Structures are given as structure tokens and as C-alpha cells.
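Just so you know, all these numbers are worked out from the coordinates, no wet-lab data involved. Since the model is a prediction, treat every value here as computed from it, not as a measurement. So basically every Cβ, Gly included, is an ideal-geometry build from the backbone, and we count neighbours across all protein chains shown.
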Amino acid sequence: MLTKNTVANKRKYNVLDVKSAKKVASFWLERAKLENAIKFGLPEVDDRYHIWRVPLVGKASHDRLGEVVIDAYTSLIIEDKSTNPEVLESRLLGRNNHKKTKAKKQNGTYVLSSLRNTIAQGDSEELLQELPAGSVNLIFTSPPYYNARPEYTDYVTYEEYLLKIRKIIQNAHRVLAEGCFFVMNISPVLVRRASRSEASHRIAVPFDMHRLFIEEGYDFIDDIIWEKPEGAGWATSRGRRFAADRNPLQYKAVPVTEYVLVYRKHSDKLIDWNIRAHPDKKIVKDSKIGDDYEHTNIWRITPSHDSRHPAIFPVELAEKVIKYYSFKGDVVLDPFAGIGTVGKATVKLGRRFVLLEQSPKYVSIIREEAKTWLGKEAKLVHTINCAPIDADNMLF
């Protein structure tokens with residue numbers, strides 16, 4: 001029975017007891033496919049470093065083989081402090097594979113992430129710093145528009161806006177695994193004129209984003225054009241003046257496209273390495289794309305609308321990006337999650353999600369939506385800075 005005077009309670013840890021520590025470690029062990037050969041010793045909390053240490057013991061030999069280290073505050077596995085699965089396999093087999101392991105590390109090893117489905121409330125710039133390095137396989141997001149609508153007037157200047165996005169891209173670089181992708185849906189924004197004596201102007205945001213990605217250590221891969229049905233851009237009022245008067249110099253094209261910019265975390269390894277080095281060949285095979293894939297860089301997708309959020313992108317767009325740039329079982333992160341469109345697509349396609357969102361209102365929506373995506377498994381979703389999901393009383 002947990003008492004209020006435990007160290008974990010006093011420190012307000014997320015992982016409060018032995019049972020919770022084993023539960024978190026079980027997920028890591030299953031990802032390493034070693035749950036049939038290894039069992040847990042007695043977990044211990046180390047409050048000097050705010051971690052839990054879960055001993056790993058061979059089921060047959062009963063020898064201690066290593067340990068899983070868990071951040072007590074976030075309940076995330078600390079990968080670089082936990083025993084490498086290859087080392088565990090070597091010890092299980094009784095082989096001295098130290099030289100072989102070292103050689104593999106020089107060439108890089110493909111590490112399967114142990115992150116669970118996660119919903120986090122707060123500033124994504126800060127939340128990204130709490131995630132383990134190399135724990136995310138794909139980032140797909142659509143950042144807030146710069147002051148294009150009343151809902152998005154959070155930045156005093158455009159330079160301030162770009163600085164914020166730079167910090168997100170910078171912090172995301174650390175959490176992306178070797179040679180993985182960051183995909184961003186972005187478009188120019190129209191800053192409306194303050195009065196009839198002033199001119200409105202458009203800001204070419206995608207081109208500034210490109211510069212940020214390159215400067216922060218990413219390689220440019222593709223520019224995909226999301227084309228909306230004809231007439232979709234008339235909501236901006238752009239082009240109506242010319243349509244009425246037809247005078248030269250007044251021509252302004254009605255925007256019916258947005259960019260989907262694709263970047264890869266810089267790596268000396270070719271993309272083929274991510275396929276060949278993946279430890280589960282069945283997953284690679286199961287992740288193959290069907291014949292109905294997009295053959296060109298122009299994707300025709302109807303926009304989506306939701307009264308709960310002023311600017312959502314279609315689930316179809318998220319599904320295409322996730323299928324084309326990740327394997328099944330991978331972790332997909334959205335640092336500007338909104339009402340969770342990426343999470344919905346991720347679950348449908350057999351991936352895991354990490355959704356970061358600053359608005360308590362939108363986080364509440366995501367937590368409710370997750371019950372629809374996951375059913376009773378929603379109670380296993382890891383939450384940060386927000387209440388756990390109660391899925392026990394759901395009717396199915």
C-alpha cells in the first residue's frame with residue numbers, strides 16, 4: 001500500500017512504485033523482443049538522480065544481465081543509460097561479443113524507440129528537451145500561422161515568430177533518430193492591411209523555413225505541393241479585385257496550394273541504411289506502400305474544417321506523410337498537435353504518437369479523441385502536465 005511519506009511521493013514523481021516501474025520497463029523489453037528470456041529484479045528508486053533502476057535477470061540462468069533506467073519524473077526510458085539490447089542478447093548467449101558490438105556502433109545501430117503513445121501539455125520548445133535523444137522516427141507538423149488570423153497574434157514581429165520555430169526545429173534535431181524525417185506543412189501568409197491607405201502583403205514563410213532547416217542540420221529532400229479544389233483560396237479575398245476590374249498590375253493569383261516540405265536529419269548514411277539496418281524485417285515488409293501511391297509531388301486533397309480549431313489539416317494528408325516516411329511501429333511526433341489529427345492517423349496506420357500542445361482546451365480534446373482511436377488502451381497513454389486518460393468506464 002502506497003503511503004504519503006514515500007520518497008516518490010515527496011518528490012512528486014510520475015513513477016511512484018515498483019509496480020509502475022516494472023510496467024514501464026515491460027514496454028521497453030517487449031520492443032527489444034526479450035520478454036520471453038528476461039525477467040525483472042526488484043526495481044529501486046535513486047532519488048539523487050531522480051531515476052528508477054529496474055534490474056534485468058535471465059529467466060533460465062537467474063544471472064543479472066543489465067538494467068532499464070527510467071526517468072522518475074517523466075516515466076520515459078533513458079536509452080543511453082539502459083543496457084543495450086544487443087549486449088543483453090550477447091550475455092544471454094554467453095558470448096563475448098564486445099569487439100563485434102563496438103564495430104557495429106562505429107557503423108551506427110538502428111535502435112527501436114521505447115516511447116509509448118504520449119500526450120503532453122506545454123511549450124513544445126521545452127517539452128522536446130525532456131524527450132530522450134533519438135527516440136522519434138518521424139516529425140510531421142503544421143506550425144501556427146504567423147498573425148494571419150486573430151487567433152494567431154502571439155508574436156510581436158515576424159522575426160520573433162521565426163526564432164520560435166527555429167528553436168523547435170533545433171530541439172527536434174536531437175530527438176529524431178538517425179537519418180529520420182521532419183515534414184512540415186506550411187504556406188505563405190497574407191498580412192491584411194490596417195487601413196485602405198495601406199497595402200496588404202504576403203510573407204513567403206516556406207522559403208524562410210527552408211533556410212532554418214538547412215542551418216539547423218537537415219538535408220532538403222522534397223517540396224510537395226498540396227493542391228486544394230478550385231475555389232478553396234477565395235476565402236482569403238485575394239483575386240476578387242482583379243476579377244471585378246481586370247486591370248493590369250492588379251492581378252493576384254488565388255492561392256489553392258500549400259507546401260509540404262520534406263527534410264532528413266543530416267546523416268552520412270544513405271536512406272537505404274534505415275531500411276537494411278531495421279532489426280525487424282517483417283515490419284519493413286508490412287510497411288511497404290501499395291500501388292495507389294502519389295506518383296508526383298502534387299497531391300490533390302480536399303481541406304478539412306472543424307469548429308473546434310481554426311486551422312486543421314486533413315487526416316488524409318497526415319496519413320500519406322506517415323505511410324511514406326515511417327515504418328509500422330515507429331514513433332511519430334507533432335510539436336503543434338492542435339486537436340490531434342496526426343495522432344488519429346498514426347494509430348490508424350499502426351504507429352505510435354507523441355503529441356505536444358500548449359492549449360489546455362486542445363489537450364482536453366486530444367485526450368477525449370484518444371479514447372476513440374485506442375479504445376480501452378487509451379488508459380496506457382503516457383500524459384505529461386495533464387491528467388491521465390480514464391478509459392475504464394467506456395462502453396464498447
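Taking just the C-alpha trace of the stretch 7-104, give me its Rg and Dmax in Å.
Calculated on Cα positions, Rg and Dmax stand at 13.9, 44 Å.
Counting only C-alpha contacts under 8 Å and six or more residues apart, can you give the relative contact order of the chain as a whole percent? Please report the intermediate quantities before stating the final value.
Values: 670 pairs, mean separation 63.9, N = 396.
Normalised by residue count, the contact order of the chain is 16 percent.
Quote to one decimal, in nm, the extra length available between THR296 and LEU93 on full extension: 0.36 nm per residue of separation minus the C-alpha distance between them. List each step's numbers first, then the result.
Numbers: separation 203, 0.36 × 203 = 73.08 nm, distance 4.87 nm.
Full extension of this stretch gives 68.2 nm more.
When the Cα centres of the stretch 13-74 and the stretch 263-288 are compared, how far apart do they sit, in Å?
Centre-to-centre (Cα) distance: 28 Å.
By counting other Cβ atoms within 10 Å of each Cβ, how are THR346, THR302, THR83 ranked from fewest to most?
Details: THR346 28, THR302 11, THR83 16.
By the 10 Å Cβ count, ascending, the order reads THR302, THR83, THR346.
Once you wrap a convex hull around the alpha carbon atoms of the chain, what is its projected area averaged over all directions, in nm²? Walk me through the intermediate numbers first.
On the way: hull surface 97.3 nm².
Orientation-averaged projected area of the Cα hull: 24.3 nm².
What size of dipole, in debye to the nearest 20, comes out for the chain about its Cα centre when the only charges are +1 on Lys and Arg C-beta atoms and -1 on Asp and Glu C-beta atoms?
My answer is approximately 700 debye.
Find out how many positive minus negative residues lie around PRO206, taking Lys and Arg as positive, Asp and Glu as negative, among other residues whose Cβ is under 12 Å from that of PRO206. Before the final figure, lay out the partial values.
Details: positive: ARG202, ARG211; negative: ASP208, ASP223, GLU258.
Net charge around PRO206: -1.
Report, in deg cm²/dmol and to the nearest 500, the calculated mean residue ellipticity at 222 nm for the chain, where each DSSP H run with n ≥ 4 adds -39500 (n - 2.57) and the sum is divided by the residue count. Mind showing how you got there, number by number?
On the way: 13 runs with 125 residues, N = 396.
Computed mean residue ellipticity for the chain: -9000 deg cm²/dmol.
Placing +1 at every Lys and Arg Cβ and -1 at every Asp and Glu Cβ, with all other atoms neutral, what dipole size does the stretch 7-104 have around its Cα centre, in debye to the nearest 20? Intermediate values should be presented prior to the final figure.
Values: 20 positive and 13 negative charges, 38 e Å.
Using Cβ point charges on Lys, Arg, Asp and Glu, the stretch 7-104 gives about 180 debye.
Using just the Cα positions, wrap the stretch 262-365 in a convex hull and report its mean projected area in square nanometres, one decimal place.
Numbers: hull surface 32.3 nm².
Answer in nm², one decimal: 8.1.
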